[in-house]
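Notes to accompany the following structure.
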Amino acid sequence: MKSGFTTSFPGLHPGYGDTMTDLNIVALVSVGAHPTSGRPRRAEQDARAVELGLRLAGQNLQLLHAGDPQAEALRGYLGMGLEQLDVLEQPEGADALPLLVDYLQGSRTQLVLTGSQAETGEGSGMLPFLLAERLGWPMVVGLAEVEKVENGVAQVLQALPRGQRRRLKVRLPCVASVDNAAPVARQSAFGPARRGQIEAHEVTVVDDPLLAEASLQPAKSRPKRLKVIKAKTGAERMKAATAKASGGGGQVLKDVSPQEGAEAIFKLLIEEGVLR
């Protein structure tokens with residue numbers, strides 16, 4: 001079931017209040033990698049976070065990166081129409097979390113936007129969660145849209161599987177990670193990318209001993225669970241293999257007691273053969 005309501009954004013779409021442009025929003029960006037060639041580029045999900053931030057705050061959006069200010073891929077974010085990108089300068093392999101925590105604690109930031117997972121480095125996806133924990137801020141996962149902000153509370157849409165959306169209210173300041181449900185990032189223009197300024201800030205470098213001892217390897221997709229076919233004849237096996245999978249077999253439980261929920265889960269585990 002897909003969302004049955006629509007929203008709009010300031011600056012690019014009409015019908016939205018001007019109060020959103022007063023938000024202090026920071027978009028955390030990283031250096032990505034092309035999935036085929038591996039060449040450095042702007043990270044896809046981070047670019048979506050920047051796109052969402054531009055629609056909310058316009059030119060008031062602040063770009064922040066912890067790493068090498070000479071990384072050419074960072075200019076891909078400036079090419080989206082921003083004039084400056086702030087870099088907390090640190091070498092490869094250093095721990096970015098303490099630097100970001102110190103920087104954000106000393107600022108008036110109300111909303112931090114970031115991708116759900118980096119395309120290079122550890123790529124664990126833990127940074128937004130650890131950052132929110134250190135700051136003591138709420139964390140929103142799978143942010144799709146921000147509908148409105150009133151009295152320090154943001155009303156947002158969280159993306160759920162199969163196109164569903166859930167409306168949440170979260171108190172600011174907060175950290176939010178976006179994924180492919182967020183608006184598609186605009187193209188990066190060459191001229192603004194070259195004219196934009198990358199401002200490097202000297203910070204105290206913190207080593208990451210866990211990363212230094214770890215061995216990195218490319219992530220592998222988990223194999224999909226195969227459907228067990230109990231057909232006996234060749235015709236039945238062919239029909240089962242080519243038949244279109246039927247959807248809608250799930251069950252949504254709302255306002256049920258813990259006992260009823262546990263019984264439904266227990267029944268499903270027996271039907272799937274997990275329990276006998």
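The values are calculated or read from the model by the stated rules, or taken from the named source; none is laboratory data. Just so you know, these numbers come straight off a predicted model, no measurement behind them. Cβ sites come from the backbone with ideal geometry, for glycine too, and all protein chains shown count toward neighbours. The protein model used for the area step is the full one, side chains on, heavy atoms only, and it has no ligands, DNA or RNA in it. Shrake-Rupley method; radii C 1.70, N 1.55, O 1.52, S 1.80 Å.
Couple of notes before you dig in:
- Residues that are in a strand (DSSP E or B), charged (D, E, K, R) and surrounded by 15 or more Cβ atoms within 10 Å (Cβ to Cβ) within the stretch 133-151 comprise 145, 147, listed in sequence order.
- With respect to (1) open to solvent by 20 Å² or more (accessible area, probe 1.4 Å); (2) without any contact (Cβ under 8 Å) to a residue 40 or more places away in the chain; (3) touching a strand residue (DSSP E or B) at 6+ places or on another chain (Cβ under 7 Å), the lone exception for residue 48 is condition (2).
- Set side by side, the residues 220, 267 differ, and just one is open to solvent by 100 Å² or more (accessible area, probe 1.4 Å), modelled with pLDDT of 75 or more, out of contact with any Cys (no Cβ under 8 Å at 6 or more places or on another chain) and not aromatic (Phe, Trp, Tyr), which is 267.
- Pairs, first closer than 20 Å to residue 87 by Cα in the stretch 178-205, second open to solvent by 40 Å² or more (accessible area, probe 1.4 Å) and of a type outside the set (S, T, N, Q), C-beta under 6 Å, six or more apart: 193/75; 196/83; 200/89
- Residue within the stretch 192-203 that is of a type in the set (S, T, N, Q), in a loop (DSSP other than H, G, I, E, B) and surrounded by fewer than 14 Cβ atoms within 10 Å (Cβ to Cβ) present: no
- Within the stretch 54-132, strands (runs of 3 or more DSSP E) holding 2 or more residues that are open to solvent by less than 40 Å² (accessible area, probe 1.4 Å) and of a type outside the set (A, V, I, L, M): 62-67, 111-115
- For the stretch 27-44, the set of residues classified as open to solvent by 60 Å² or more (accessible area, probe 1.4 Å) and assigned to a strand (DSSP E or B) consists of 40, 41, listed by residue number.
- Set side by side, the residues 142, 123 differ, and just one is touching a residue at least 60 places away in the same chain (Cβ under 8 Å) and of a type in the set (Gly, Ala, Ser), which is 123.
- Reported count of residues in the stretch 155-175, each being within 26 Å of residue 101 (Cα to Cα) and open to solvent by 20 Å² or more (accessible area, probe 1.4 Å), is 7.
- Among the candidates 130, 99, 113, 160, the residue that is closer than 22 Å to residue 56 by Cβ and either out of contact with any Lys or Arg (no Cβ under 8 Å at 6 or more places or on another chain) or in contact (Cβ under 8 Å) with a residue 40 or more places away in the chain (or both) is uniquely 113.
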